[in-house]
Amino acid sequence: MSFPQRRLRRLRRTPALRRLVSEARLSVDDLVAPLFVREGIDEPEPVPSLPGVVQHTRESLVKQARVLAYLDVPAIILFGIPASKDRTGSQAWDPDGIVQVALRDLRDELGHDLVVMADLCLDEYTDHGHCGVLSATGAVDNDATLELYGMVAQAQAEAGASVVAPSGMMDGQVAAIRAALDDAGHSSTAILAYAAKFASALYGPFRHAVQVELPVGDDRKDYQQDPANRREAIAEVRADVEEGADMVMVKPALSYLDVISDARAAVDVPVAAYHVSGEYSMLKAAAERGWIDGEAVALEQMVAIKRAGADFILTYLAREMAESFHAHG
Ligand code: PBG
């Protein structure tokens with residue numbers, strides 16, 4: 001009988017061997033925690049469709065950020081929920097808007113212990129829920145929106161964000177934001193571009209968290225990407241890098257591992273992946289029913305995202321992952 005020369009099982013025999021030859025590694029350094037801060041509440045408000053996630057008060061936000069810094073999570077990304085919304089989303093750039101106020105709190109309390117990123121978009125702030133301003137016909141007006149994004153970027157940088165993360169998928173948004181930041185003297189503020197962001201049904205729980213409701217029958221398919229398009233995603237990634245993005249993101253993560261892999265190969269900047277709200281909720285719901293081992297599946301999913309080529313992961317699992325790294329070394 002003849003045997004193959006290479007017996008692949010040899011290197012799987014012991015945990016130490018498996019650790020030695022592991023191709024993808026997950027550590028606390030890979031994690032970015034998304035956090036929500038809401039104007040006008042006295043107590044943190046749980047988000048039912050995102051178990052374990054809350055809308056923070058200014059005080060509880062700072063506390064949570066301290067815990068994350070203590071756990072060595074390197075970064076957070078902040079989303080705001082204003083008390084009032086309007087046609088243009090003006091709370092997004094108001095110096096006294098909830099995100100700006102919270103960014104100043106974080107800067108004052110934490111200094112540079114954490115990288116503080118700010119999601120840069122208008123949907124949490126507009127009364128119609130779209131990511132930009134509407135033209136007379138009701139369509140999202142690309143270029144009018146770019147001007148507002150520039151103002152938001154300046155306000156966020158002024159308030160202490162060290163990274164701004166435009167998520168609106170307008171054409172030219174990275175160039176417009178870079179120019180606005182540089183004009184205002186914020187040339188060291190970095191841009192993490194939501195470069196390949198798909199029109200996904202997996203953002204549902206997030207929209208509950210930020211209280212955004214699109215008019216019935218409305219969607220974001222004329223600015224977010226078609227889930228069918230892989231090459232187009234890389235065109236988006238390249239365009240953002242050419243416009244000055246310091247880092248690019250693919251979102252969601254697990255249904256788009258091919259895009260993460262392509263993005264990693266196409267450009268040299270760090271590639272992030274966003275394990276989004278629906279991905280987290282599905283995991284939590286199945287685990288709650290005892291249908292899957294939640295912790296094991298979570299780890300498997302994170303490692304898969306790293307294996308595909310992501311340099312870091314935005315995930316609602318950040319705190320619990322960091323805690324388990326601390327507990328188990
Ligand atoms: C837009 C934004 C969204 C998410 C992050 N930034 C929602 C959307 O595009 O509808 C989704 C994140 C998630 O689902 O976890 N400001």
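The values are calculated or read from the model by the stated rules, or taken from the named source; none is laboratory data. These figures come from a predicted structure and were not determined experimentally. For neighbour counting, all protein chains shown are included, and Cβ atoms are generated from backbone atoms with ideal geometry for every residue, glycine included. These area figures cover heavy atoms from the full protein model, side chains too; ligands, DNA and RNA do not enter into them. Shrake-Rupley method; radii C 1.70, N 1.55, O 1.52, S 1.80 Å.
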Report, in degrees rounded to the nearest 10, the 0 to 90 angle that the Cα long axis of helix 294-308 makes with the longest principal axis of the chain. 80
Leaving ligands, DNA and RNA out of it, work out the accessible area of THR88 with a 1.4 Å probe and give it in Å² to the nearest 10. 50
Once you list every other residue whose beta carbon is under 12 Å from the beta carbon of LEU202, what net charge do they have if Lys and Arg are +1 and Asp and Glu are -1? +2
Determine which aspartates and glutamates satisfy two conditions relative to LYS63: a Cα distance under 18 Å, and not lying fewer than 8 residues away in the same chain. GLU39, ASP42, GLU43, GLU45, ASP72, ASP105, ASP108, GLU109, ASP113, GLU320, GLU323
Can you pull the one-decimal nm distance between simple spin-label points at ARG58 and ILE41, each 7 Å off the Cα toward Cβ? 1.6
Using the Kirkwood radius over Cα pairs of the chain, the Stokes-Einstein translational diffusion coefficient at 4 °C and 1.567 mPa s, in µm²/s and rounded to a whole number, is 63
For ASP182 and ASP113, compute 0.36 nm times the residue count separating them, minus their Cα-Cα distance, and round to one decimal in nm. 22.4 nm
A 25 angstrom limit on the alpha carbon distance is what I want to check against. Which of LYS221/LYS306; LYS221/LYS284; LYS251/LYS284; LYS221/LYS251 exceed it? LYS221/LYS306; LYS221/LYS284
Total formal charge among the other residues, if their Cβ is under 13 angstrom from that of GLU279, Lys/Arg +1 and Asp/Glu -1: +1
Label-point separation in nm, ASP127 to ALA201, each point 7 Å along Cα→Cβ: 3.1
Place a point 7 Å from the Cα of ALA16 along the Cα-to-Cβ direction; which residues of region 301-329 have their backbone N under 20 Å from it? 328-329
Mind ranking LEU148, LEU78 by accessible surface for me, highest first, 1.4 Å probe? LEU148, LEU78
If you keep only loop residues by DSSP, which chymotrypsin sites (Phe, Trp or Tyr not before Pro) in region 210-295 have at most 14 other Cβ atoms within 10 Å of their Cβ? TRP291
Report, in debye and to the nearest 20, how large the dipole of the chain comes out about its Cα centre when Lys and Arg carry +1 and Asp and Glu carry -1 on their Cβ. 2220
Hits in region 72-90: amide N under 16 Å from the 7 Å Cα→Cβ extension of GLN211, namely 79-87, 89-90
Computed, not fitted: 222 nm per-residue ellipticity of the chain from DSSP H runs ≥ 4 (each -39500 (n - 2.57)), nearest 500, equal to -12000 deg cm²/dmol
Dipole of region 26-327, positive direction: furthest Cα of ALA318, VAL28, VAL303, with charges on the beta-carbon: VAL303
Across the chain, where is the longest run that never hits trypsin sites (Lys or Arg not before Pro) in a DSSP loop with at most 15 other C-beta atoms within 10 Å? 88-220
Taking alpha-carbon centroids only, region 93-144 lies from region 259-296 a number of Å equal to 24
Quick one: accessible area per residue over region 26-327, 1.4 Å probe, rounded to a whole number of Å²? 41
Mind listing which GluC sites (Glu not before Pro) in region 274-322 are in a DSSP loop and have 12 or fewer other Cβ atoms within 10 Å? none
Accessible heavy-atom area order of HIS326, HIS186, HIS275, highest first, probe of 1.4 Å: HIS326, HIS186, HIS275
What is the calculated FRET efficiency for ALA266 to ARG87, with r their C-beta to C-beta distance and R₀ = 45 Å, to the nearest 0.05? 0.75
Each label sits 7 Å from Cα toward the beta-carbon; between ALA235 and ARG7 the label points are separated, in nm, by 5.2
Measure nothing but the geometry: give the 0 to 90° angle between the long axis through the Cα atoms of 277-288 and the longest principal axis through the Cα atoms of the chain, rounded to 10°. 50
With a sphere of radius 14 Å drawn around the Cβ of SER187, what net charge do the other residues whose Cβ falls strictly inside it have (Lys, Arg +1; Asp, Glu -1)? -3
